[in-house]
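Visitor: Quick one: the structure is below, questions incoming.
The numbers here are math on the coordinates, done by the rules we state, and not lab data. Computed from a predicted structure; not experimentally measured. We place every Cβ from the backbone using ideal geometry, glycine too, and count neighbours over all the protein chains shown.
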Amino acid sequence: MAAFAARVTRSGEYCEGFPLSAAAIPGENGRVNPPFGRMLLRGMIRRCPRCGTGRLFTRWFRMVDRCPGCGYRFNREEGFQLGGYVINFGVTESLVCLVVAGYIIAAAANPNATIWPVVVGGFLAAVVTPVVFFPFSRTIWAAIDLALTPLDVVEQAEAETAMAAKRDEEASSRGS
């Protein structure tokens with residue numbers, strides 16, 4: 001539940017019940033944060049967890065600073081993407097464990113089973129998986145973080161200001 005505080009409006013009136021979390025404040029176009037399941041699904045397909053806009057990566061390893069659709073800043077604080085690295089590491093290690101478990105089952109059924117398929121499979125899981133899964137882990141982490149820590153009022157205002165600046169820049173470039 002969002003925390004509430006009191007504030008004074010521009011007209012000087014005292015106002016109770018001002019939410020400190022922007023999750024409860026409709027932003028631009030009345031947008032509020034979607035449910036966790038939707039944010040997680042959006043993250044799994046490399047889309048913005050907040051609005052669902054794609055094209056978040058300029059290259060496979062390079063993510064844009066802000067969502068082009070809603071202005072959400074992905075690096076909310078220093079070291080923010082450490083969670084994405086942990087997700088990537090967890091998926092990679094899970095696959096390596098599955099390869100080893102497969103070998104254990106195969107060796108139990110056939111003691112003459114060779115180890116080379118396991119070595120190759122483990123190597124591929126340990127080297128290829130982090131590279132392939134990297135952008136997915138970043139957007140999945142953004143979804144988890146946004147669900148756990150909704151945008152506060154300042155971050156909401158920054159996102160809307162970034163979108164307004166982007167629209168102004170596009171309008172001025174079309175006018176030239």
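Visitor: Which residues does the label zone of Ile45 cover in region 70-102, counting backbone N under 20 Å from a point 7 Å along Cα→Cβ?
Guide: Flagged as within label range: 70-72.
Visitor: Under the rule a/c < 1.5 gives rounded, and otherwise a/b versus b/c splits prolate from oblate, where does region 131-176 land using the Cα gyration tensor?
Guide: Oblate, because a/c is 1.5 or more while a/b does not exceed b/c.
Visitor: Could you tally the net charge around Glu77, taking each other residue with its Cβ under 14 Å from the Cβ of Glu77, Lys/Arg +1 and Asp/Glu -1? Kindly include the intermediate steps, with their values, before the conclusion.
Guide: Details: positive: Arg73, Arg76; negative: Asp65, Glu78, Asp145, Asp152, Glu155, Glu158.
Charge balance in the 14 Å sphere: -4.
Visitor: Can I ask one more? What FRET efficiency, computed as 1/(1 + (r/R0)^6) with R0 = 45 Å and r the Cβ-Cβ distance, is obtained for Ala108 and Phe36, rounded to the nearest 0.05?
Guide: Numbers: r = 40 Å, r/R0 = 0.89.
Approximately 0.65, to the nearest 0.05.
Visitor: Restrict the search to region 125-176; then list the trypsin sites (Lys or Arg not before Pro) that DSSP places in a loop and that have at most 14 other Cβ atoms within 10 Å of their Cβ.
Guide: Those that pass, being in a loop and sparsely packed, number zero.
Visitor: Using the number of other C-beta atoms within 10 angstrom as an exposure proxy, rank Cys70, Cys48, Cys97 with the fewest first.
Guide: If I rank by nearby Cβ atoms, fewest first, I get Cys97, Cys70, Cys48.
Visitor: Here's another thing I want to ask about it. What is the sum of charges around Pro68, taking Lys and Arg as +1, Asp and Glu as -1, for the other residues whose C-beta is under 9 Å from the C-beta of Pro68?
Guide: Local charge sum for Pro68: +3.
Visitor: Near the amide H of Phe57, under 5 Å away, which other amide H atoms are found, from residues 5 or more places off or on another chain, if H is placed in the peptide plane?
Guide: Val64
Visitor: Let me ask another. Taking 41 Å as R0, compute the FRET efficiency from the Cβ-Cβ separation of Glu93 and Glu158 and round it to 0.05.
Guide: 0.70
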